[in-house]
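Report on one structure; see the data block that follows.
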Amino acid sequence: MQPAIQFEDVVKIYPLKSGDVTALNHISFAVERGEFISIMGPSGSGKSTLLTLMGCLDKPTFGTISMSGIPIRDMSDVELTSLRRDRIGFIFQYFNLFPLLNIIENVSFPQMLKGGVNVEKAKEVLRAVQLDEHLYTHTPLELSGGQQQRVAVARALINDPDILLCDEPTGNLDSKTGASIMELMTQLNKKGATIIIVTHDPNVANYTNRTIRIIDGRIAA
Ligand SMILES: Nc1ncnc2c1ncn2[C@@H]1O[C@H](COP(=O)(O)OP(=O)(O)O)[C@@H](O)[C@H]1O
Ligand SMILES: [Mg+2]
C-alpha cells in the first residue's frame, strides 16, 4: 500500500524582504497508514511548517509531497480542498475555537463548510471525546483548557478524517489533562487513525510509536 504521506526532497523557503528563510531543507520521509508519530525539535526548527505541508495547507518550494501515492501538485484546487476537509483533521495548541459559537456549533463548523450540519454526528464525536453532555450548549470560554481541547479534538473528528495532525496539542494543558488527551489520541490511533503530533514534551512523545527529530529544517539522524 502507498504511504499515507510521503515527502521527497522537500524544501520550503519563505521569501522575506530581509532575506529568504529556509524552513525545511531537503526533507524526505514517509508516514505509513495507521502510524502514531511525534515530531520533536527546537523552536524555529520547522515543525509547524512540516505539519502545515503535511496538511496540504501550503505547498513546498521544491520537492514532492504525495498523499496515498498521489503528488499534490497533480491535484486540482477542488481535489485539494476536499482532501483537506474530508481526510485531514487539525488540532492546535491554542484550540482555535470560535468564542461566540457554542460547543455543538464549534464542532459542526467543518460540516457547515460542506453544506450539511448533522447535530447527531456532532454529539457522537463529543461523546467520543468524553465531554460532559451539559456543556454542549455552553461557549468555549466557559470550559477548562482540557475541555476546550476535547472540543477541538471532536471538531477535528467530525468528518471522519483518516489523518490527524496536532501542533502541540497539550502545550497549554497541565500534565494530568495532557495525559488524558494523549490517552484519547492513543484510542483514536488504535481505531485506525494515522496521527502526527508536534511536541516539546518527551512524555507526549512516549505515547507515540516513532519520533522524527528535526533540527534547522533537517531530519536529525
Ligand atoms: N509564514 C512564515 N513566513 C515567514 N517565515 C516563517 C513563516 N512560518 C515560519 N517561518 C520561519 O520558518 C522557520 C521555521 O518555523 P516553524 O516551522 O514555525 O518552526 P517551529 O514550529 O519548529 O517552531 C522559522 O525561522 C520561522 O521564523
Ligand atoms: Mg511551531
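The values are calculated or read from the model by the stated rules, or taken from the named source; none is laboratory data. Nothing here was measured: the structure is a model prediction, and the numbers come from that model. Here the Cβ is made from the backbone with ideal geometry for all residues, glycine too, and neighbour counts use every protein chain on show. Ligands, DNA and RNA are stripped out before the accessible areas are found, and what is left, the full protein with its side chains, is counted by its heavy atoms. Shrake-Rupley method; radii C 1.70, N 1.55, O 1.52, S 1.80 Å.
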Looking at region 29-78 only, could you name the residues that are more than 9 Å from ligand 1 (Cβ to nearest atom) and among the acidic types (Asp, Glu)?
Glu32, Glu35, Asp74, Asp77
Would a scan of region 153-175 turn up a residue that is touching a Phe, Trp or Tyr at 6+ places or on another chain (Cβ under 8 Å), surrounded by 23 or more Cβ atoms within 10 Å (Cβ to Cβ) and among the polar types (S, T, N, Q)?
no
Please work out which residue is farthest from ligand 2 (Cβ to nearest atom), limiting yourself to region 193-210 and to residues that are within 18 Å of Met54 (Cβ to Cβ) and surrounded by fewer than 16 Cβ atoms within 10 Å (Cβ to Cβ).
Asn209
Wholly within region 1-106, strands (runs of 3 or more DSSP E) carrying at least 1 residues that are among the charged types (D, E, K, R) and open to solvent by less than 60 Å² (accessible area, probe 1.4 Å)
5-14
Between a residue in region 24-52 that is free of Cβ contacts under 8 Å to residues at least 24 places away in the same chain and any residue that is open to solvent by 10 Å² or more (accessible area, probe 1.4 Å) and within 13 Å of ligand 1 (Cβ to nearest atom), which pairs come within a Cβ distance under 7 Å, given they are 6 or more apart or on different chains?
Thr52/Asp58
Filter the strands (runs of 3 or more DSSP E) completely within region 108-217 down to those with at least 1 residues that are under 29 Å from Val78 (Cα atoms).
163-167, 194-198
Being more than 16 Å from ligand 2 (Cβ to nearest atom) and at pLDDT 95 or above is true for just one of Asn118, Asn159, Asn102. Which residue is that?
Asn102
